[in-house]
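The values are calculated or read from the model by the stated rules, or taken from the named source; none is laboratory data. Just so we're clear, the structure is a prediction, and the values are computed from it rather than from any experiment. Cβ: placed from backbone, ideal geometry, glycine included. Neighbour counts: every protein chain shown. SASA here: full protein model, heavy atoms, side chains in, ligands and nucleic acids out. Shrake-Rupley method; radii C 1.70, N 1.55, O 1.52, S 1.80 Å.
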Amino acid sequence: MWRYWAIGAAVLAAVAGGAMLLGGSGRPALLPAQPAAQAAAAPATGAADADPVPEASEATREQKRFARYDRDQDGKVTRDEYLANRRKGFAKLDVNGDGRLDFDEWAAKATAKFVAADHDKSGAMDAAEFATTAVKRKPSSRPKCPPTAAAPAEES
């Protein structure tokens, strides 16, 4: 029986949505707010002398990303420009500055985490010390689902 109610509600919502899209009778057409806002912002006297406000460019997300990579603003992203951020990250890891990463430089963060977790400085972690190295997960904002075993039988 609940299925019929759900189908009926969906049909009513579709009809109401169609009426809103196609109808619109009795409502005045909406005008853009920007010209009215500019007219209200202009002073009554000396409006012709006021400097026009430059409009902001509507750069897309991809255009902004391209501009960040194109350091010399020549309209092309070279290999060096593209790899610049990677070079900075590599330089942070290359502590001795020899241009090569040995294992200790690459694993510096893990090594520091081990040293911090080894409270007794024995060179090994027991179970309690190891438990402190677990990744801290953010609590889920979703509510827990009810158990499925207690679900009532479905009506026909």
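Some observations on this one:
- Matching residues in region 86-110 - criterion: being of a type outside the set (D, E, K, R) and over 29 Å from Thr133 (Cα atoms): Gly97, Gly99
- For region 76-102, a tally of residues being of a type in the set (Ser, Thr, Tyr) and in a helix (DSSP H, G or I) returns 1.
- Selected residue (criterion: least open to solvent (accessible area, probe 1.4 Å)) from residues of region 117-144 that are among the polar types (S, T, N, Q) and either at pLDDT 85 or above or in contact with a Phe, Trp or Tyr (Cβ under 8 Å, 6 or more places away or on another chain) (or both): Thr133
- Qualifying residue in region 49-56 (condition: surrounded by 10 or more Cβ atoms within 10 Å (Cβ to Cβ) and modelled with pLDDT under 85): yes
- Qualifying residue in region 102-116 (condition: open to solvent by less than 100 Å² (accessible area, probe 1.4 Å), of a type outside the set (Gly, Ala, Ser), modelled with pLDDT of 85 or more and under 30 Å from Arg65 (Cα atoms)): no
- Condition met for Val53 (over 23 Å from Val135 (Cβ atoms) and not polar (S, T, N, Q)): yes
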